[in-house]
Amino acid sequence: MERLYVQDNFFEGSPPSTMSSMRGLQVLNVSNNRFSGQIPKYLASLNLMNLSLSYDNFEGALPIGGIFKSTTSTSVAGNKKLCGGLLDFQLPKCDYEELKQRRISGTAKVSISVVSALVGVACIFSLLYFLWFRHNKKASTSSSSEDGFLHVSYHSLLKATGGFSSTNLLGVGNFGFVYRGLLDQTQLIVAVKILNLTCHGASNSFVAECEVLRRIQHRNLVKVLTVCSRFDFKGNDSKALVYEFMENGSLDEWLHPVASQYTERSKLSLLERVNISIDVACALDYFPHHYEMPIVHCDLKPSNILLDDEKTGHLGDFGLARFLPEAMHKLLANQSSFVKVKGSFGYIALEYGMGSVVSTQGDVYSFGVLILEMFIGKRPTDDMFENGLDLHHFAKAMLTDQVEKAIDPVLLQEIEELNKTQRVTPEGKNKSWSNIQDCLASIIKIESLALPSLQGNEWTSTIH
(Lines give C-alpha, C1' and ligand atoms only; values in the text may rest on other atoms or scores of the structure.)
Protein backbone atom coordinates (compact mmCIF):
# COMPACT_ATOMS: atom_id res chain seq x y z
CA MET A 1 0.00 0.00 0.00
CA GLU A 2 1.34 3.40 -0.99
CA ARG A 3 -1.46 5.78 0.02
CA LEU A 4 -3.86 5.57 2.97
CA TYR A 5 -6.58 8.17 3.54
CA VAL A 6 -8.77 7.76 6.67
CA GLN A 7 -9.42 11.40 7.51
CA ASP A 8 -12.78 12.79 8.72
CA ASN A 9 -13.83 9.70 10.68
CA PHE A 10 -14.26 8.90 14.37
CA PHE A 11 -11.22 6.68 14.94
CA GLU A 12 -9.96 6.68 18.52
CA GLY A 13 -6.91 5.48 20.39
CA SER A 14 -3.54 5.29 18.72
CA PRO A 15 -2.72 4.23 15.13
CA PRO A 16 -2.09 0.46 15.18
CA SER A 17 1.47 -0.77 15.63
CA THR A 18 1.06 -3.10 12.65
CA MET A 19 1.43 -0.04 10.41
CA SER A 20 5.13 -0.11 11.24
CA SER A 21 5.55 -2.89 8.65
CA MET A 22 4.02 -0.81 5.82
CA ARG A 23 7.37 0.02 4.23
CA GLY A 24 5.82 1.02 0.92
CA LEU A 25 3.56 3.68 2.46
CA GLN A 26 4.20 7.13 0.96
CA VAL A 27 1.11 9.15 1.91
CA LEU A 28 -0.79 8.89 5.21
CA ASN A 29 -3.71 11.12 6.21
CA VAL A 30 -5.37 10.50 9.61
CA SER A 31 -6.52 14.07 10.23
CA ASN A 32 -9.88 15.10 11.76
CA ASN A 33 -10.26 11.97 13.88
CA ARG A 34 -10.02 11.32 17.62
CA PHE A 35 -6.60 9.71 17.76
CA SER A 36 -4.85 10.41 21.05
CA GLY A 37 -1.68 9.65 22.98
CA GLN A 38 1.83 10.11 21.69
CA ILE A 39 2.57 10.10 17.99
CA PRO A 40 3.96 6.62 17.16
CA LYS A 41 7.73 6.75 16.74
CA TYR A 42 7.63 4.22 13.90
CA LEU A 43 6.16 6.91 11.61
CA ALA A 44 9.62 8.49 11.51
CA SER A 45 11.12 5.24 10.16
CA LEU A 46 8.64 4.83 7.27
CA ASN A 47 9.40 6.12 3.78
CA LEU A 48 6.62 8.72 3.93
CA MET A 49 6.49 11.65 1.53
CA ASN A 50 3.39 13.26 3.03
CA LEU A 51 1.91 12.93 6.54
CA SER A 52 -1.18 14.65 7.96
CA LEU A 53 -1.94 14.33 11.70
CA SER A 54 -3.94 17.56 11.97
CA TYR A 55 -6.90 18.13 14.31
CA ASP A 56 -6.58 14.99 16.38
CA ASN A 57 -5.78 14.74 20.10
CA PHE A 58 -2.13 13.74 19.95
CA GLU A 59 0.06 14.87 22.84
CA GLY A 60 3.64 14.81 24.02
CA ALA A 61 6.87 15.39 22.15
CA LEU A 62 6.83 15.51 18.35
CA PRO A 63 9.40 13.14 16.76
CA ILE A 64 12.25 14.84 14.94
CA GLY A 65 13.43 12.18 12.49
CA GLY A 66 12.25 10.97 9.10
CA ILE A 67 9.20 12.77 7.68
CA PHE A 68 9.14 15.03 10.76
CA LYS A 69 12.23 16.86 9.41
CA SER A 70 10.02 18.55 6.82
CA THR A 71 7.34 21.06 7.82
CA THR A 72 6.03 21.21 4.25
CA SER A 73 5.41 17.44 4.12
CA THR A 74 4.07 17.08 7.67
CA SER A 75 0.96 18.68 9.13
CA VAL A 76 0.24 18.59 12.89
CA ALA A 77 -2.02 21.64 13.29
CA GLY A 78 -4.89 21.43 15.77
CA ASN A 79 -3.15 19.10 18.26
CA LYS A 80 -3.03 21.48 21.24
CA LYS A 81 -1.08 19.14 23.53
CA LEU A 82 1.88 18.59 21.19
CA CYS A 83 5.24 20.07 22.01
CA GLY A 84 8.86 20.04 20.88
CA GLY A 85 9.90 19.04 17.38
CA LEU A 86 11.70 21.30 14.91
CA LEU A 87 11.38 25.04 15.44
CA ASP A 88 9.55 25.48 12.13
CA PHE A 89 6.54 23.66 13.58
CA GLN A 90 6.22 26.51 16.09
CA LEU A 91 5.19 24.18 18.92
CA PRO A 92 5.82 25.08 22.59
CA LYS A 93 8.80 23.57 24.35
CA CYS A 94 8.17 20.37 26.21
CA ASP A 95 7.95 20.50 29.99
CA TYR A 96 9.47 17.09 30.70
CA GLU A 97 8.49 17.21 34.38
CA GLU A 98 4.85 17.67 33.33
CA LEU A 99 5.17 14.86 30.79
CA LYS A 100 6.59 12.63 33.49
CA GLN A 101 3.65 13.43 35.78
CA ARG A 102 1.25 12.66 32.96
CA ARG A 103 2.87 9.27 32.43
CA ILE A 104 2.68 8.50 36.15
CA SER A 105 -0.95 9.62 36.24
CA GLY A 106 -1.68 7.54 33.17
CA THR A 107 -0.01 4.51 34.69
CA ALA A 108 -2.06 4.91 37.87
CA LYS A 109 -5.26 5.11 35.84
CA VAL A 110 -4.30 1.99 33.90
CA SER A 111 -3.49 0.14 37.14
CA ILE A 112 -6.82 1.09 38.69
CA SER A 113 -8.63 0.04 35.48
CA VAL A 114 -6.83 -3.31 35.39
CA VAL A 115 -7.58 -4.07 39.04
CA SER A 116 -11.24 -3.08 38.58
CA ALA A 117 -11.48 -5.24 35.47
CA LEU A 118 -9.97 -8.23 37.28
CA VAL A 119 -12.41 -7.86 40.15
CA GLY A 120 -15.30 -7.59 37.69
CA VAL A 121 -14.12 -10.66 35.75
CA ALA A 122 -13.79 -12.62 39.01
CA CYS A 123 -17.39 -11.73 39.94
CA ILE A 124 -18.64 -12.72 36.50
CA PHE A 125 -16.83 -16.07 36.61
CA SER A 126 -18.24 -16.73 40.07
CA LEU A 127 -21.75 -16.05 38.79
CA LEU A 128 -21.19 -18.22 35.71
CA TYR A 129 -19.86 -21.07 37.83
CA PHE A 130 -22.92 -20.85 40.07
CA LEU A 131 -25.27 -20.94 37.08
CA TRP A 132 -23.31 -23.80 35.51
CA PHE A 133 -23.43 -25.76 38.73
CA ARG A 134 -27.21 -25.39 38.94
CA HIS A 135 -27.90 -26.03 35.28
CA ASN A 136 -25.08 -28.38 34.37
CA LYS A 137 -27.36 -30.85 32.66
CA LYS A 138 -29.02 -28.19 30.56
CA ALA A 139 -25.78 -26.48 29.66
CA SER A 140 -24.36 -29.72 28.34
CA THR A 141 -26.83 -29.67 25.47
CA SER A 142 -24.65 -27.31 23.45
CA SER A 143 -21.01 -26.32 23.63
CA SER A 144 -18.04 -25.72 21.37
CA SER A 145 -15.75 -28.61 20.61
CA GLU A 146 -11.97 -28.41 20.49
CA ASP A 147 -11.92 -28.49 16.69
CA GLY A 148 -14.10 -25.37 16.43
CA PHE A 149 -17.36 -27.12 15.57
CA LEU A 150 -20.44 -26.34 17.59
CA HIS A 151 -21.89 -29.18 19.66
CA VAL A 152 -25.67 -29.41 19.33
CA SER A 153 -28.12 -31.78 20.95
CA TYR A 154 -31.23 -33.38 19.53
CA HIS A 155 -33.24 -31.06 21.79
CA SER A 156 -31.59 -27.91 20.39
CA LEU A 157 -32.23 -29.05 16.80
CA LEU A 158 -35.82 -29.91 17.67
CA LYS A 159 -36.31 -26.41 19.08
CA ALA A 160 -34.45 -24.71 16.23
CA THR A 161 -36.74 -26.26 13.62
CA GLY A 162 -39.99 -25.77 15.52
CA GLY A 163 -40.29 -29.46 16.28
CA PHE A 164 -39.28 -30.38 12.71
CA SER A 165 -42.34 -28.51 11.52
CA SER A 166 -43.53 -28.94 7.95
CA THR A 167 -43.55 -25.14 7.62
CA ASN A 168 -39.74 -25.24 8.01
CA LEU A 169 -39.26 -28.13 5.58
CA LEU A 170 -36.86 -27.11 2.80
CA GLY A 171 -36.66 -30.38 0.92
CA VAL A 172 -36.49 -34.16 0.93
CA GLY A 173 -33.26 -35.98 0.06
CA ASN A 174 -32.26 -39.57 -0.61
CA PHE A 175 -31.92 -40.41 3.07
CA GLY A 176 -33.74 -37.75 5.04
CA PHE A 177 -35.34 -34.34 5.34
CA VAL A 178 -33.85 -30.83 5.34
CA TYR A 179 -35.33 -28.13 7.61
CA ARG A 180 -34.72 -24.44 8.14
CA GLY A 181 -33.64 -23.75 11.73
CA LEU A 182 -32.54 -21.00 14.10
CA LEU A 183 -29.94 -22.05 16.68
CA ASP A 184 -30.53 -20.43 20.07
CA GLN A 185 -26.87 -20.45 21.09
CA THR A 186 -25.67 -18.52 18.03
CA GLN A 187 -28.89 -16.99 16.60
CA LEU A 188 -27.68 -18.39 13.28
CA ILE A 189 -30.07 -19.48 10.54
CA VAL A 190 -29.04 -22.94 9.37
CA ALA A 191 -30.20 -25.86 7.25
CA VAL A 192 -30.65 -29.05 9.31
CA LYS A 193 -30.56 -32.42 7.54
CA ILE A 194 -32.24 -35.12 9.64
CA LEU A 195 -31.36 -38.64 8.50
CA ASN A 196 -34.19 -41.15 8.17
CA LEU A 197 -32.37 -44.11 9.73
CA THR A 198 -35.17 -46.50 8.77
CA CYS A 199 -34.06 -46.01 5.17
CA HIS A 200 -31.49 -48.59 4.06
CA GLY A 201 -28.04 -46.98 3.68
CA ALA A 202 -28.84 -43.83 5.65
CA SER A 203 -26.27 -44.53 8.39
CA ASN A 204 -23.56 -45.24 5.83
CA SER A 205 -24.57 -42.08 3.98
CA PHE A 206 -24.14 -40.06 7.19
CA VAL A 207 -20.66 -41.45 7.79
CA ALA A 208 -19.65 -40.95 4.15
CA GLU A 209 -20.85 -37.35 4.13
CA CYS A 210 -19.03 -36.57 7.40
CA GLU A 211 -15.87 -38.16 6.02
CA VAL A 212 -15.97 -36.06 2.88
CA LEU A 213 -17.07 -32.74 4.38
CA ARG A 214 -14.47 -32.75 7.15
CA ARG A 215 -11.72 -32.99 4.54
CA ILE A 216 -12.77 -30.50 1.85
CA GLN A 217 -13.18 -26.74 1.67
CA HIS A 218 -14.11 -24.73 -1.41
CA ARG A 219 -16.16 -21.59 -2.06
CA ASN A 220 -18.55 -23.54 -4.30
CA LEU A 221 -19.27 -26.32 -1.80
CA VAL A 222 -21.95 -26.12 0.89
CA LYS A 223 -20.25 -25.60 4.26
CA VAL A 224 -21.10 -28.02 7.08
CA LEU A 225 -21.22 -26.26 10.46
CA THR A 226 -21.58 -29.28 12.74
CA VAL A 227 -23.08 -32.75 13.10
CA CYS A 228 -25.25 -34.42 15.72
CA SER A 229 -25.20 -38.15 16.46
CA ARG A 230 -27.18 -38.76 19.66
CA PHE A 231 -30.39 -40.27 21.01
CA ASP A 232 -33.81 -38.66 20.79
CA PHE A 233 -36.36 -38.51 23.62
CA LYS A 234 -37.55 -42.05 22.86
CA GLY A 235 -34.04 -43.50 23.08
CA ASN A 236 -33.76 -43.97 19.32
CA ASP A 237 -30.56 -43.19 17.46
CA SER A 238 -30.62 -39.76 15.78
CA LYS A 239 -28.19 -38.40 13.22
CA ALA A 240 -28.19 -34.92 11.70
CA LEU A 241 -25.96 -32.54 9.76
CA VAL A 242 -26.15 -28.77 10.14
CA TYR A 243 -25.24 -26.71 7.08
CA GLU A 244 -24.80 -23.07 6.20
CA PHE A 245 -28.21 -21.76 5.12
CA MET A 246 -28.58 -20.81 1.46
CA GLU A 247 -30.96 -17.89 1.08
CA ASN A 248 -32.03 -18.64 -2.50
CA GLY A 249 -32.75 -22.34 -2.08
CA SER A 250 -31.93 -24.95 -4.71
CA LEU A 251 -31.39 -24.54 -8.43
CA ASP A 252 -34.24 -26.97 -8.99
CA GLU A 253 -36.69 -24.53 -7.39
CA TRP A 254 -35.62 -21.83 -9.84
CA LEU A 255 -35.70 -24.03 -12.94
CA HIS A 256 -39.01 -25.73 -12.12
CA PRO A 257 -40.88 -23.45 -9.68
CA VAL A 258 -44.30 -24.36 -8.38
CA ALA A 259 -47.13 -21.84 -8.72
CA SER A 260 -46.43 -20.15 -5.36
CA GLN A 261 -42.75 -19.65 -6.17
CA TYR A 262 -43.51 -17.74 -9.36
CA THR A 263 -44.77 -14.82 -7.31
CA GLU A 264 -41.98 -14.96 -4.75
CA ARG A 265 -38.96 -15.13 -7.04
CA SER A 266 -37.76 -13.63 -10.26
CA LYS A 267 -36.49 -15.85 -13.04
CA LEU A 268 -32.90 -16.91 -13.67
CA SER A 269 -31.38 -14.87 -16.47
CA LEU A 270 -29.03 -16.23 -19.12
CA LEU A 271 -26.00 -14.66 -17.41
CA GLU A 272 -26.98 -16.07 -14.01
CA ARG A 273 -27.29 -19.56 -15.48
CA VAL A 274 -23.89 -19.27 -17.11
CA ASN A 275 -22.34 -18.13 -13.81
CA ILE A 276 -23.97 -20.99 -11.88
CA SER A 277 -22.65 -23.43 -14.50
CA ILE A 278 -19.15 -22.08 -13.90
CA ASP A 279 -19.60 -22.38 -10.12
CA VAL A 280 -20.55 -26.07 -10.42
CA ALA A 281 -17.69 -26.70 -12.86
CA CYS A 282 -15.22 -25.14 -10.39
CA ALA A 283 -16.48 -27.43 -7.62
CA LEU A 284 -16.15 -30.51 -9.85
CA ASP A 285 -12.69 -29.45 -11.01
CA TYR A 286 -11.60 -29.16 -7.36
CA PHE A 287 -12.31 -32.82 -6.53
CA PRO A 288 -9.83 -34.57 -8.86
CA HIS A 289 -7.25 -31.83 -9.38
CA HIS A 290 -6.86 -29.75 -6.24
CA TYR A 291 -7.52 -32.17 -3.42
CA GLU A 292 -5.16 -34.84 -2.06
CA MET A 293 -7.78 -37.59 -2.24
CA PRO A 294 -9.91 -37.42 -5.43
CA ILE A 295 -13.65 -37.60 -4.81
CA VAL A 296 -16.64 -38.44 -7.00
CA HIS A 297 -19.94 -36.81 -6.00
CA CYS A 298 -22.20 -39.43 -7.65
CA ASP A 299 -25.44 -37.43 -7.28
CA LEU A 300 -25.11 -34.22 -9.29
CA LYS A 301 -28.54 -32.68 -10.04
CA PRO A 302 -30.31 -29.30 -9.68
CA SER A 303 -31.79 -30.06 -6.25
CA ASN A 304 -28.24 -30.54 -4.91
CA ILE A 305 -27.07 -27.16 -6.23
CA LEU A 306 -27.84 -24.46 -3.64
CA LEU A 307 -27.74 -20.70 -4.24
CA ASP A 308 -26.68 -18.08 -1.70
CA ASP A 309 -27.99 -14.51 -1.50
CA GLU A 310 -25.87 -13.55 -4.53
CA LYS A 311 -27.00 -16.64 -6.48
CA THR A 312 -23.55 -18.19 -6.32
CA GLY A 313 -23.81 -21.94 -6.84
CA HIS A 314 -22.79 -24.35 -4.05
CA LEU A 315 -22.66 -28.11 -4.52
CA GLY A 316 -24.16 -30.07 -1.61
CA ASP A 317 -25.43 -33.49 -0.43
CA PHE A 318 -22.38 -35.76 -0.32
CA GLY A 319 -24.29 -38.74 1.01
CA LEU A 320 -23.36 -40.85 -2.04
CA ALA A 321 -19.83 -39.44 -2.49
CA ARG A 322 -17.01 -41.91 -3.11
CA PHE A 323 -13.24 -41.64 -2.99
CA LEU A 324 -11.63 -42.82 -6.21
CA PRO A 325 -10.56 -46.51 -6.08
CA GLU A 326 -6.90 -45.70 -6.75
CA ALA A 327 -6.83 -43.41 -3.70
CA MET A 328 -8.71 -45.64 -1.29
CA HIS A 329 -5.56 -47.20 0.14
CA LYS A 330 -4.66 -43.78 1.56
CA LEU A 331 -7.86 -43.58 3.53
CA LEU A 332 -7.67 -44.65 7.15
CA ALA A 333 -11.42 -44.78 7.64
CA ASN A 334 -13.32 -48.07 7.60
CA GLN A 335 -14.56 -49.04 4.14
CA SER A 336 -18.05 -49.40 5.55
CA SER A 337 -18.23 -45.62 5.31
CA PHE A 338 -18.76 -45.97 1.58
CA VAL A 339 -22.25 -46.64 0.35
CA LYS A 340 -23.16 -48.65 -2.70
CA VAL A 341 -23.11 -46.48 -5.80
CA LYS A 342 -26.55 -45.11 -6.54
CA GLY A 343 -27.75 -41.88 -8.00
CA SER A 344 -30.78 -40.16 -9.44
CA PHE A 345 -32.56 -41.53 -12.48
CA GLY A 346 -31.85 -39.43 -15.56
CA TYR A 347 -28.59 -38.01 -14.15
CA ILE A 348 -26.56 -41.12 -13.32
CA ALA A 349 -23.94 -42.13 -15.90
CA LEU A 350 -25.07 -44.93 -18.19
CA GLU A 351 -21.87 -46.94 -17.68
CA TYR A 352 -22.67 -47.30 -13.97
CA GLY A 353 -25.67 -49.39 -14.93
CA MET A 354 -23.35 -51.73 -16.82
CA GLY A 355 -21.09 -52.33 -13.82
CA SER A 356 -18.40 -49.72 -14.50
CA VAL A 357 -16.36 -48.45 -11.54
CA VAL A 358 -16.91 -44.99 -10.11
CA SER A 359 -15.05 -42.31 -12.04
CA THR A 360 -14.88 -38.58 -12.61
CA GLN A 361 -16.38 -39.21 -16.05
CA GLY A 362 -19.59 -40.21 -14.28
CA ASP A 363 -19.81 -36.81 -12.57
CA VAL A 364 -19.19 -35.03 -15.86
CA TYR A 365 -21.97 -37.03 -17.52
CA SER A 366 -24.29 -35.75 -14.78
CA PHE A 367 -22.85 -32.26 -15.29
CA GLY A 368 -23.77 -32.45 -18.97
CA VAL A 369 -27.34 -33.40 -18.14
CA LEU A 370 -27.48 -30.58 -15.57
CA ILE A 371 -26.30 -27.95 -18.08
CA LEU A 372 -28.79 -29.05 -20.72
CA GLU A 373 -31.57 -28.91 -18.15
CA MET A 374 -30.52 -25.40 -17.09
CA PHE A 375 -30.73 -23.97 -20.61
CA ILE A 376 -33.46 -26.11 -22.14
CA GLY A 377 -35.67 -25.99 -19.04
CA LYS A 378 -36.74 -29.64 -19.14
CA ARG A 379 -35.90 -32.44 -16.75
CA PRO A 380 -34.26 -35.55 -18.24
CA THR A 381 -37.32 -37.45 -16.98
CA ASP A 382 -39.82 -35.21 -18.78
CA ASP A 383 -42.81 -37.05 -20.30
CA MET A 384 -41.82 -35.91 -23.78
CA PHE A 385 -38.71 -38.09 -23.69
CA GLU A 386 -39.87 -41.51 -24.86
CA ASN A 387 -39.35 -43.97 -27.73
CA GLY A 388 -35.60 -43.45 -27.72
CA LEU A 389 -35.70 -39.66 -27.46
CA ASP A 390 -33.78 -38.20 -24.52
CA LEU A 391 -32.52 -34.79 -23.42
CA HIS A 392 -29.23 -34.73 -25.30
CA HIS A 393 -30.65 -36.19 -28.52
CA PHE A 394 -33.38 -33.55 -28.40
CA ALA A 395 -30.71 -30.85 -27.97
CA LYS A 396 -28.61 -32.17 -30.88
CA ALA A 397 -31.65 -32.28 -33.14
CA MET A 398 -32.35 -28.59 -32.48
CA LEU A 399 -28.79 -27.37 -32.93
CA THR A 400 -28.83 -26.55 -36.63
CA ASP A 401 -31.42 -23.79 -37.06
CA GLN A 402 -33.96 -24.37 -34.32
CA VAL A 403 -32.10 -23.27 -31.21
CA GLU A 404 -35.01 -21.05 -30.16
CA LYS A 405 -37.23 -24.13 -30.04
CA ALA A 406 -34.85 -25.93 -27.71
CA ILE A 407 -34.08 -23.31 -25.08
CA ASP A 408 -36.06 -22.54 -21.95
CA PRO A 409 -39.12 -20.31 -22.69
CA VAL A 410 -38.02 -18.10 -19.78
CA LEU A 411 -34.81 -17.30 -21.67
CA LEU A 412 -36.79 -16.67 -24.86
CA GLN A 413 -38.88 -14.12 -23.01
CA GLU A 414 -35.73 -12.40 -21.74
CA ILE A 415 -34.33 -12.30 -25.28
CA GLU A 416 -37.57 -10.89 -26.71
CA GLU A 417 -37.51 -8.09 -24.14
CA LEU A 418 -33.90 -7.37 -25.07
CA ASN A 419 -34.79 -7.29 -28.77
CA LYS A 420 -37.26 -4.46 -28.16
CA THR A 421 -34.41 -2.20 -27.06
CA GLN A 422 -31.97 -3.16 -29.83
CA ARG A 423 -31.71 -2.05 -33.41
CA VAL A 424 -32.49 -4.48 -36.20
CA THR A 425 -30.06 -4.86 -39.13
CA PRO A 426 -31.19 -4.35 -42.75
CA GLU A 427 -31.37 -8.12 -43.09
CA GLY A 428 -33.98 -8.14 -40.33
CA LYS A 429 -31.72 -9.76 -37.77
CA ASN A 430 -30.90 -8.51 -34.33
CA LYS A 431 -27.20 -8.56 -33.47
CA SER A 432 -27.82 -9.27 -29.76
CA TRP A 433 -30.07 -12.20 -30.64
CA SER A 434 -27.40 -13.58 -32.97
CA ASN A 435 -24.79 -13.40 -30.22
CA ILE A 436 -27.10 -15.04 -27.69
CA GLN A 437 -28.07 -17.69 -30.23
CA ASP A 438 -24.40 -18.49 -30.88
CA CYS A 439 -23.76 -18.66 -27.12
CA LEU A 440 -26.65 -21.03 -26.49
CA ALA A 441 -25.76 -23.18 -29.48
CA SER A 442 -22.17 -23.50 -28.19
CA ILE A 443 -23.34 -24.49 -24.71
CA ILE A 444 -25.83 -27.06 -25.96
CA LYS A 445 -23.37 -28.43 -28.53
CA ILE A 446 -20.56 -28.96 -26.02
CA GLU A 447 -22.75 -30.65 -23.44
CA SER A 448 -24.82 -32.76 -25.87
CA LEU A 449 -21.71 -34.07 -27.62
CA ALA A 450 -20.04 -34.82 -24.28
CA LEU A 451 -22.87 -36.90 -22.88
CA PRO A 452 -22.81 -40.08 -25.02
CA SER A 453 -19.14 -40.93 -24.42
CA LEU A 454 -16.53 -39.64 -22.00
CA GLN A 455 -13.24 -41.47 -22.34
CA GLY A 456 -9.67 -40.71 -21.27
CA ASN A 457 -9.16 -37.04 -20.43
CA GLU A 458 -12.10 -35.72 -22.45
CA TRP A 459 -13.94 -34.84 -19.26
CA THR A 460 -11.22 -32.26 -18.43
CA SER A 461 -11.79 -30.34 -21.62
CA THR A 462 -15.54 -30.61 -21.09
CA ILE A 463 -15.31 -28.98 -17.66
CA HIS A 464 -13.14 -26.15 -18.97
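The values are calculated or read from the model by the stated rules, or taken from the named source; none is laboratory data. Note that the structure is predicted; figures quoted are calculated from it, not measured. FYI the Cβ positions are ideal-geometry reconstructions off the backbone, even for glycines, and counts take in every protein chain you see.
From K159, K193, which residue is in contact (Cβ under 8 Å) with a residue 12 or more places away in the chain and either in the same structural domain as V258 (by TED's automatic domain parsing) or within 22 Å of the chain's Cα centre (by Cα) (or both)?
Sole residue among the options that is in contact (Cβ under 8 Å) with a residue 12 or more places away in the chain and either in the same structural domain as V258 (by TED's automatic domain parsing) or within 22 Å of the chain's Cα centre (by Cα) (or both): K193.
Taking helices (runs of 4 or more DSSP H) that fall entirely within the stretch 244-339, which contain at least 3 residues that are among the charged types (D, E, K, R) and either modelled with pLDDT of 90 or more or under 20 Å from the mean Cα position of the chain (by Cα) (or both)? Lay out the reasoning, then the answer.
On the way: elements: 251-255, 259-264, 270-289.
The helices (runs of 4 or more DSSP H) meeting that bar are 270-289.
Residue-by-condition table, conditions (1) assigned to a helix (DSSP H, G or I); (2) surrounded by 14 or more Cβ atoms within 10 Å (Cβ to Cβ); (3) out of contact with any Phe, Trp or Tyr (no Cβ under 6 Å at 6 or more places or on another chain):
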residue	(1), (2), (3)
T18	yes, no, yes
S36	no, yes, yes
L51	no, yes, yes
Y55	no, yes, yes
I67	yes, yes, yes
G85	no, yes, yes
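Say we look at the stretch 196-223 and pick out the residues that are under 19 Å from the mean Cα position of the chain (by Cα) and not in a loop (DSSP other than H, G, I, E, B); which of these is nearest to N248 (Cα to Cα)?
Restricting attention to the stretch 196-223, the residues satisfying the condition of being under 19 Å from the mean Cα position of the chain (by Cα) are 209-210, 212-223.
Retained after the next criterion (residues that are not in a loop (DSSP other than H, G, I, E, B)): 209-210, 212-213, 221.
Details: E209: 23, C210: 24, V212: 24, L213: 22, L221: 15 Å.
Restricting to residues being under 19 Å from the mean Cα position of the chain (by Cα) and not in a loop (DSSP other than H, G, I, E, B), the top hit is L221.
Do we find a residue being at pLDDT 60 or above, surrounded by 13 or more Cβ atoms within 10 Å (Cβ to Cβ) and not in a helix (DSSP H, G or I) anywhere in the stretch 87-109?
yes
Can we say T226 is among the polar types (S, T, N, Q) and either without any contact (Cβ under 8 Å) to a residue 60 or more places away in the chain or in the same structural domain as G343 (by TED's automatic domain parsing) (or both)?
Values: among the polar types (S, T, N, Q): yes; either without any contact (Cβ under 8 Å) to a residue 60 or more places away in the chain or in the same structural domain as G343 (by TED's automatic domain parsing) (or both): no.
Here the answer is no, as T226 does not meet what is asked.
One line per residue, one yes/no per condition, for (1) modelled with pLDDT of 75 or more; (2) surrounded by 14 or more Cβ atoms within 10 Å (Cβ to Cβ); (3) farther than 30 Å from S344 by Cβ:
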position: T141; (1), (2), (3): no, yes, yes
position: V152; (1), (2), (3): yes, yes, no
position: H155; (1), (2), (3): yes, yes, yes
position: L170; (1), (2), (3): yes, yes, no
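Identify the single condition in (1) in contact with a helix residue (DSSP H, G or I) (Cβ under 6 Å, 6 or more places away or on another chain); (2) loosely packed, with under 15 Cβ neighbours inside 10 Å that Y42 does not satisfy, given that it satisfies every other one.
(2)
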